[in-house]
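The values are calculated or read from the model by the stated rules, or taken from the named source; none is laboratory data. Just so you know, these numbers come straight off a predicted model, no measurement behind them. For neighbour counting, all protein chains shown are included, and Cβ atoms are generated from backbone atoms with ideal geometry for every residue, glycine included.
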Amino acid sequence: MLDYPAMLQLEGKRVVIVGGGKIGLRKAQGFAGTGAEVIVISPEIVERFNELTFITWEKKYFEPEDIKEAHLIFAATDDKEVNRLVKACANDFQWVDVVSEQSESSFHVPAVVRRGKLTLTVSTSGASPVLAKEIKQQLAKQYDERYASIVEEYKAKRKQEKA
Ligand SMILES: C[C@@]1(CC(=O)O)c2cc3[nH]c(cc4nc(cc5[nH]c(cc(n2)[C@H]1CCC(=O)O)[C@@](C)(CC(=O)O)[C@@H]5CCC(=O)O)C(CC(=O)O)=C4CCC(=O)O)c(CCC(=O)O)c3CC(=O)O
Ligand SMILES: NC(=O)C1=CN([C@@H]2O[C@H](COP(=O)(O)OP(=O)(O)OC[C@H]3O[C@@H](n4cnc5c(N)ncnc54)[C@H](O)[C@@H]3O)[C@@H](O)[C@H]2O)C=CC1
């Protein structure tokens, strides 16, 4: 089956990340600036989580009620069985990324380049995250920081034309 690409507005929405290691951190960093309420469930977290002002850490092992109110869920522990349990505890209408096992996931995270309002994303549908990263790096060179203001110029032009 093909995956469906979409951009989500997450202001005030709850995101739960189970597992506070390197991968949990990388997924958490992706929510910077989105206004999502990000909760990390983990007995330990890597230090760089402290730089993220928008997260709340609950120092504990995963329990099913942790994900009850979540729109997006990341099963990001280093224990495949725990990750599977997280998926099994979620409702069908909740979106779950099992980072250790793509076949268990109902969504995944692409590689991302942000330039102000311009967002470039690359997905290989899980075939090769490394290739997604390489293509992202090429795009980052091609569409450099100037594109943040280029988008704003186009936006202003569009407004004038509409007026
Ligand atoms: C399905 C998906 C689910 C998800 O994570 O959302 C997934 C799954 C898995 N990744 C694995 C491994 C690696 N992933 C990376 C890197 C990235 N992985 C990302 C996304 C995704 N990875 C989603 C698909 C995206 C797509 O292809 O469309 C990126 C793009 C975005 C991000 O993480 O933010 C980010 C690039 C960061 C950047 O852009 O800079 C590296 C390299 C590195 O870390 O440098 C390695 C090691 C090398 C290798 O194994 O290939 C494993 C095996 C785990 C194990 O060994 O147990 C699984 C599990 C499986 O394949 O089932
Ligand atoms: N999707 C991706 O991009 C990638 C995924 N992976 C997968 O991600 C998994 C996690 O990798 P890392 O973050 O590097 O591992 P890590 O060992 O750095 O972190 C694991 C975290 O899970 C926590 N944890 C363990 N049991 C828990 C429980 N019962 N409840 C809550 N938290 C618990 C630990 O305290 C730790 O903070 C790997 O096992 C691998 O399968 C690895 C590379 C890339």
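Filter segment 58-81 down to the residues that are among the charged types (D, E, K, R) and not in a loop (DSSP other than H, G, I, E, B) and list them by number. If the condition is that a residue be among the charged types (D, E, K, R) and not in a loop (DSSP other than H, G, I, E, B), then Glu58, Glu65, Asp66, Lys80, Glu81 are the ones that fit. Does segment 120-128 include one or more residues that are surrounded by fewer than 17 Cβ atoms within 10 Å (Cβ to Cβ), more than 8 Å from ligand 1 (Cβ to nearest atom) and either of a type in the set (S, T, N, Q) or farther than 24 Å from Leu2 by Cα (or both)? Yes, there is a match, as at least one residue in segment 120-128 is surrounded by fewer than 17 Cβ atoms within 10 Å (Cβ to Cβ), more than 8 Å from ligand 1 (Cβ to nearest atom) and either of a type in the set (S, T, N, Q) or farther than 24 Å from Leu2 by Cα (or both).
Lys87 fulfils the conditions (1) surrounded by fewer than 16 Cβ atoms within 10 Å (Cβ to Cβ); (2) of a type outside the set (A, V, I, L, M, F, W, C); (3) assigned by TED's automatic domain parsing to the domain that holds Lys59; (4) not in a loop (DSSP other than H, G, I, E, B) except for a single criterion, (1).
Against the definition (under 13 Å from the mean Cα position of the chain (by Cα), under 16 Å from Lys22 (Cα atoms), buried (at least 16 other Cβ atoms within 10 Å of the Cβ) and hydrophobic (A, V, I, L, M, F, W, C)), how does Phe49 come out, yes or no? Judged against the criteria, Phe49 is not a match. Of the residues making up segment 108-125, those that are of a type outside the set (Ser, Thr, Tyr) and away from ligand 2 (no atom under 12 Å from the Cβ) are Val112, Val113, Arg114, Arg115, Gly116, Lys117, Leu118, Leu120, Val122. For segment 4-30, the set of residues classified as within 15 Å of ligand 2 (Cβ to nearest atom) and not β-branched (Val, Ile, Thr) consists of Gly19, Gly20, Gly21, Lys22, Gly24, Leu25, Arg26, Lys27, Ala28, Gln29, Gly30, listed by residue number.
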